[in-house]
Amino acid sequence: MITKKGVILTRTLFLYVSLLLICLPIYASESGGPELQTRYKHYYAHYYLNADGSHVETHDWATTILQERAVEGSKRASVTYSTSIQKAEVLHAYTLKADGRRIEVPKSNYQVEVNSGKDKDAPVFSDYTTLTVVFPDVAVGDSVAFAYKLTQTEAIFPGIFSVMGTFSRLYAYDDVKISIDAPSSLWVQYEARDMAEKRSERDGRVLLEWTFQNKLPIKSKRRDWSVYDVEREPGYAFSTFKSYADIAEAYGLRARPKAAVTERIQKLADEIVKDRKAPREQARALYDWVATNITYAGNCIGVGAVVPHDISFILDNRMGDCKDHATLLQALLAAKGIESTQALINAGNAYRLPKIPVVSTVNHVINYLPGLNMFVDSTSSTTPFGMLPFSSVGKPVLLVDGFREGMKTPIPPVNTNRQHMKSVIRIGPDGAARGEIDVTLNGIFAVGTRTRLRDMPKDQEDELVKNVLSGMGLIGSGQFIKDDPKELLDSYHYKVNFDVNELVLLPGPAAFAIHPLFSSDAPIQSFLSAVTEPEETVDTACTNGTSVEEYIYHFPKNMKVLATPKNMNISNEFLSYQATYRLKGNTLRVKRVLDDKVPGNICSPAVASAYKKLASQVSKNVKAQVVYK
């Protein structure tokens, strides 16, 4: 079970509190409750909506610093906004000392960072401005207070508004109030979880108010946030979208025209494809070109957050964000008669879409090729055609064309990820050794190795064997022989020839453990890391794989093997391990096969517990030693 750990990536629209909370860890206290670094005295947010989807929002919060280690992180507060469609104004900012004195933030403590173009030209990829205040004289026991107003002059999607927020039970909130003031004529849907709700109507407008307190936070030992469900936390969601299909269509209305087949696109597609005839091979060539020739750069200029650049801009600059990659690839595919559509997905740690459709839950764009029944993500310059980056695997997906309710990106079948390492080791009478290591990789193991080797400088490659051996406490040298790593393929092969001055101690008696003598993406030991990790009570992101390690040891005549590890054959529903140790004369042949068969890419606590139990037994066998004299 190879885990993919992460942090909370709750994406909300302009909810500064979420970002701040992530940065302030909680520690357990001796009394059994959480040892808080800060607590929110209050957090208020108010949204005033217009019929066209534009709005004004205000945020007002104050936190009290409880621990010395929280002082530094509490000295600053920021608001970031898109200059072309938003205006920001700080309403107040001050330090409230423990003795009641209020110290206003002086204008000299304001910092403005602006992304802009040269002279009067527009910026290329971001018009975001960040306004930061630095609170004066902050100490333990003080509070810092910050309030600002953000005016959205143009809706991200015309006539549409959506927002959501969460409030973790791990943190202290003395007073939370969220309110939304909207025209009665707007169709809306909303929900609040563990928050008191009040609704009123007056003068053609609806006012929603949600309040919340969490004065006694819970203590949690959770360390893995790779799977996160916002609906398990107190919070709220509000949307004028009727469905996720509406989100896909709202995006598609402005994205589809950008993917038109122009004369330039047709010429480029023909040049890339050349004489390839099969649709799959044509699609692969086009995907490879976009993935390796268009660098990633965000499109954060006003509505550019949800509208792709013109294709001429993408090609002229050879850069673009996920929307730009998907739009360019869609146009190139269309030029060769290959149907495709863009698809919206969450690239963070959300594996389930909330009930209320909020646009911030889908923050990434990929492509779907219905004729090949295949998803591709050309923003990843390292992922081969036919594969997806792990962050996009097994996720709900919204097709812009041909929307299908409940559709998810596929999960690679078991045995897709494999590593086979074969080592032949000849030990001399003085304990020195010479040998060869042959490694074959498939799936994510091949992708990971290709990625690391693709840009490795020649001088590092020449010293690679020496440095790896040195990291193991061995003095030696050798030659690294690799296949070309540049192609985007899901397989890879390399070999190592090595010489080590002293691999075993001769004369004995002594012992040595059997382990790889060179680094690789998937040694058996890496699958056993779960043994030392704490028990989790939540789902975690994970993937499976198979690792085979073969060793052939040729011992000198002056070395007699007294004992070898015992054979093992053990398995459960999720993991199997077989190990054989065969000594014949002065040759020891070892074969270890670990087959990780965890289903899907989310491991429940029950799966993790069963895996860990078996892995602990496997770990003992892997650590067992060969005894000799």
**Report entry** Residue identified as over 30 Å from Asp321 (Cα atoms), exposed (fewer than 14 other Cβ atoms within 10 Å of the Cβ) and of a type in the set (A, V, I, L, M) among Ala192, Ala147, Ala196, Ala182
**Finding:** Ala196
Query raised in the report: Does any residue of the range 508-516 turn out to be farther than 23 Å from Gln625 by Cα, assigned by TED's automatic domain parsing to the domain that holds Arg582, in contact with a Phe, Trp or Tyr (Cβ under 8 Å, 6 or more places away or on another chain) and not charged (D, E, K, R)?
Result: no
Report summary line: Per the filter on the range 207-235, residues within 21 Å of the chain's Cα centre (by Cα) and closer than 15 Å to Thr537 by Cα are Arg222, Arg223, Asp224, Trp225, Ser226, Val227, Tyr228, Asp229, Arg232
Report task. Hand me the list of helices (runs of 4 or more DSSP H) wholly inside the range 431-514 holding 3 or more residues that are in contact with a Pro (Cβ under 9 Å, 6 or more places away or on another chain). Result -> 444-454
Report task. Looking for whichever is assigned by TED's automatic domain parsing to the domain that holds Ser604 and in a loop (DSSP other than H, G, I, E, B) here; the options are Asn558, Asn569. Which one fits? Result -> Asn558
Report summary line: Checked pairs for the range 492-512, first closer than 26 Å to Ile481 by Cβ, second charged (D, E, K, R) and buried (at least 19 other Cβ atoms within 10 Å of the Cβ), C-beta under 6 Å and 6 or more apart or across chains, list as Tyr492/Arg450
Requested in this report: Kindly check whether there is at least one residue in the range 285-295 that is loosely packed, with under 14 Cβ neighbours inside 10 Å and under 28 Å from the mean Cα position of the chain (by Cα).
Outcome: yes
**Report entry** Filter result for Thr540 (among the hydroxyl-bearing types (Ser, Thr, Tyr), crowded, with 17+ Cβ neighbours inside 10 Å, touching a strand residue (DSSP E or B) at 6+ places or on another chain (Cβ under 9 Å) and more than 27 Å from Asn442 (Cβ to Cβ))
**Finding:** no
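Go through Gly478, Gly545 for me and flag whichever is touching an Asp or Glu at 6+ places or on another chain (Cβ under 7 Å) and either more than 30 Å from Asp595 (Cα to Cα) or not assigned by TED's automatic domain parsing to the domain that holds Arg592 (or both).
Just a single option satisfies the conditions, and that option is Gly478.
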Report summary line: If we keep only residues of the range 304-358 that are more than 23 Å from Gly235 (Cβ to Cβ) and of a type in the set (Ser, Thr, Tyr), then the residue surrounded by the most Cβ atoms within 10 Å (Cβ to Cβ) is Thr327
Report task. Answer yes or no as to whether Ala579 is closer than 30 Å to Trp225 by Cα and touching a residue at least 12 places away in the same chain (Cβ under 8 Å). Result -> no
Requested in this report: Check whether at least one residue in the range 255-270 is farther than 16 Å from Ala334 by Cα, free of Cβ contacts under 8 Å to residues at least 12 places away in the same chain and not aromatic (Phe, Trp, Tyr), and report yes or no.
Outcome: no
Report task. Determine whether the range 562-572 contains at least one residue that is touching a Gly at 6+ places or on another chain (Cβ under 9 Å) and not β-branched (Val, Ile, Thr). Result -> yes
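Can you pull out the residues in the range 130-143 that are touching a Ser or Thr at 6+ places or on another chain (Cβ under 7 Å) and closer than 13 Å to Val90 by Cβ?
Within the range 130-143, Thr130, Leu131, Thr132, Phe135 meet the criteria.
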Requested in this report: Kindly establish whether Asp484 is closer than 20 Å to Tyr287 by Cβ, acidic (Asp, Glu) and either under 21 Å from the mean Cα position of the chain (by Cα) or not assigned by TED's automatic domain parsing to the domain that holds Ser520 (or both).
Outcome: no
Report task. Could you name every one of the strands (runs of 3 or more DSSP E) located completely within the range 130-216 that has at least 3 residues being over 26 Å from Asn50 (Cβ atoms)? Result -> 143-152, 173-183, 205-214
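Kindly indicate whether Ser226 is modelled with pLDDT under 95 and either surrounded by 19 or more Cβ atoms within 10 Å (Cβ to Cβ) or assigned by TED's automatic domain parsing to the domain that holds Val376 (or both).
So Ser226 passes the test.
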Query raised in the report: Within the range 411-440, which residues are modelled with pLDDT of 95 or more and within 23 Å of the chain's Cα centre (by Cα)?
Result: Asn417, Arg418
Report task. Could you grab me the full set of residues in the range 571-595 that are buried (at least 19 other Cβ atoms within 10 Å of the Cβ) and closer than 11 Å to Val561 by Cβ? Result -> Tyr581, Leu588
Report summary line: Filtering the range 54-103 for residues that are part of a strand (DSSP E or B) and either in contact (Cβ under 8 Å) with a residue 12 or more places away in the chain or outside the structural domain of Ala145 (by TED's automatic domain parsing) (or both) leaves a count of 30
Query raised in the report: Mind checking which residues of the range 23-49 are at pLDDT 95 or above and either touching a His at 6+ places or on another chain (Cβ under 9 Å) or part of a loop (DSSP other than H, G, I, E, B) (or both)?
Result: Tyr43, Tyr44, Ala45, His46, Tyr47, Tyr48, Leu49
Query raised in the report: Any idea which of (1) under 19 Å from Tyr553 (Cβ atoms); (2) under 24 Å from the mean Cα position of the chain (by Cα) is the one Asp455 doesn't satisfy?
Result: (1)
Requested in this report: Working only within the range 414-430, note down all residues that are under 13 Å from Phe555 (Cβ atoms), outside any loop (DSSP other than H, G, I, E, B) and of a type outside the set (Val, Ile, Thr).
Outcome: Arg426
Query raised in the report: Counting only residues that are out of contact with any helix residue (DSSP H, G or I) (no Cβ under 9 Å at 6 or more places or on another chain) and closer than 27 Å to Lys75 by Cβ, which one in the range 152-172 is surrounded by the most Cβ atoms within 10 Å (Cβ to Cβ)?
Result: Ala172
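The values are calculated or read from the model by the stated rules, or taken from the named source; none is laboratory data. Since we're looking at a predicted model, the values are computed, not measured. Cβ: placed from backbone, ideal geometry, glycine included. Neighbour counts: every protein chain shown.
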